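Here is the structure we will look at, set down as structure tokens.
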Amino acid sequence: MPETGPPVFLDYDQAPLDAAYDQAAYAPNREQLIERRIAASANVRRRIGEPERVAYGRAEIEQLDIYRIGRAARLVFVFIHGGAWGSGRSKDFVGPAEMFLAAGAHYIVPDFASVQDVGGSLVVLADQVRRAVAWVFQNIARFGGDPNRRHVAAAPICGHHRGQRR
């Protein structure tokens, strides 16, 4: 039986917990997919323009991107991007924005810290995401959103091996 360290979460020691977040084991072409998503996001931003970037908190990373449609009182879609809590920025998850804008919805993507930047605490990241969504709901009229038509979705966990940054 292999040696294990002390449990850090449920019955996991650090090595298997880290392995659970290493998407390279599940998607060997992960880097190619990430590069494709980043390039697609850049192309969409060139077509639809840069977003309005607003702060939802005091930390530099605590900002969100608002891609607006030209009409008011419309559906608001908040997208919590992926990256396994360790990588990715709002500007790299713009691909769906074009589709939402064409359907008459504002598209919003918050940024939040990477888990390695906050000492491994998912509590900090969860609080940032919570505050970003709360900011959107509290300020929805400011950017022409309908308070009765708001939606939040999150990407599945996928990203870089712990410690890698883009």
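Read-outs: derived from the displayed coordinates by stated rules, not from any lab. Every value quoted in this text rests on a predicted model; they were computed, and no experiment measured them. For neighbour counting, all protein chains shown are included, and Cβ atoms are generated from backbone atoms with ideal geometry for every residue, glycine included.
Across region 14-154, the mean sequence separation of Cα contacts (distance under 8 Å, 6 or more residues apart), normalised by length, yields a relative contact order of 28 percent. Between 80, 90, 103, the Cα set farthest toward the positive side of the dipole of the chain (charges on each charged residue's Cβ, about the Cα centre) is that of 103. Dipole magnitude for region 25-158: computed about the Cα centre from +1 point charges on Lys and Arg Cβ and -1 point charges on Asp and Glu Cβ, it is near 440 debye. Working note: Cα atoms of the chain, range along each principal axis, descending, whole Å: 62, 32, 26. From helices alone, the chain scores -9000 deg cm²/dmol at 222 nm; the rule is -39500 (n - 2.57) for each run of n ≥ 4 DSSP H residues, then divide by the residue total. Each peptide among 89-95, 50-56, 107-113 gets the average number of other Cβ atoms lying within 10 Å of its residues, and from highest to lowest they stand as 107-113, 89-95, 50-56.
The GluC sites (Glu not before Pro) of region 56-128 meeting both criteria, a DSSP state outside H, G, I, E and B (loop) and at most 15 other C-beta atoms within 10 angstrom of the site's C-beta, are 60.
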